[in-house]
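Q: Here's a structure for you.
The values are calculated or read from the model by the stated rules, or taken from the named source; none is laboratory data. What you are looking at is a predicted structure, and each value in this text was computed from that prediction instead of being measured. So basically every Cβ, Gly included, is an ideal-geometry build from the backbone, and we count neighbours across all protein chains shown. We work out accessible area using only protein heavy atoms, side chains counted, and drop any ligands, DNA or RNA first. Shrake-Rupley method; radii C 1.70, N 1.55, O 1.52, S 1.80 Å.
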Amino acid sequence: MTKCKEEPVRVAPVIDRNRCDGKADCVDVCPYDVFELGILSPEHRIGLNLMTHLKGTLNGWKQSFPVNAEACRACGLCVITCPEKAIRLAPY
């Protein structure tokens, strides 16, 4: 397991909804179970770009969600692993 730099609650993953394709690489790689795969609700689809609507329709609107963000320790594995570059770490 990678040694993480931060204590929990210092940073949290933020997902760019226009980039996430729900491939779940972050779910698989996170040692702290921060992410889950879920369905983006219709109210959260408002304002997304056309390409995201097309991809969402094709993949059933599956996306990753940081459901346990307070457990994030800023190891950055999710950021590195995400093929869409949809995740960044931000101050919590």
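Q: Looking at (1) without any contact (Cβ under 8 Å) to a residue 12 or more places away in the chain; (2) in a strand (DSSP E or B), find the lone condition where Gly47 falls short.
A: Going through the list (1) without any contact (Cβ under 8 Å) to a residue 12 or more places away in the chain; (2) in a strand (DSSP E or B), Gly47 breaks only (2).
Q: Also, quick follow-up: Only one of (1) part of a helix (DSSP H, G or I); (2) closer than 21 Å to Arg88 by Cβ; (3) open to solvent by 30 Å² or more (accessible area, probe 1.4 Å) fails for Thr52. Which number is that?
A: (3)
Q: Does region 59-92 hold any residues that are modelled with pLDDT of 95 or more, open to solvent by 70 Å² or more (accessible area, probe 1.4 Å) and assigned to a helix (DSSP H, G or I), and which are they?
A: Ile80
Q: Next question. Looking only at region 15-42, count how many residues are part of a loop (DSSP other than H, G, I, E, B), small (Gly, Ala, Ser) and touching a residue at least 24 places away in the same chain (Cβ under 8 Å).
A: Here is the first cut: in region 15-42, the ones part of a loop (DSSP other than H, G, I, E, B) are 16-24, 30-35, 40-41.
Pick out the ones that are also small (Gly, Ala, Ser) and you get 22, 24, 41.
Now restrict to residues that are touching a residue at least 24 places away in the same chain (Cβ under 8 Å): 22, 24.
So the count comes out to 2.
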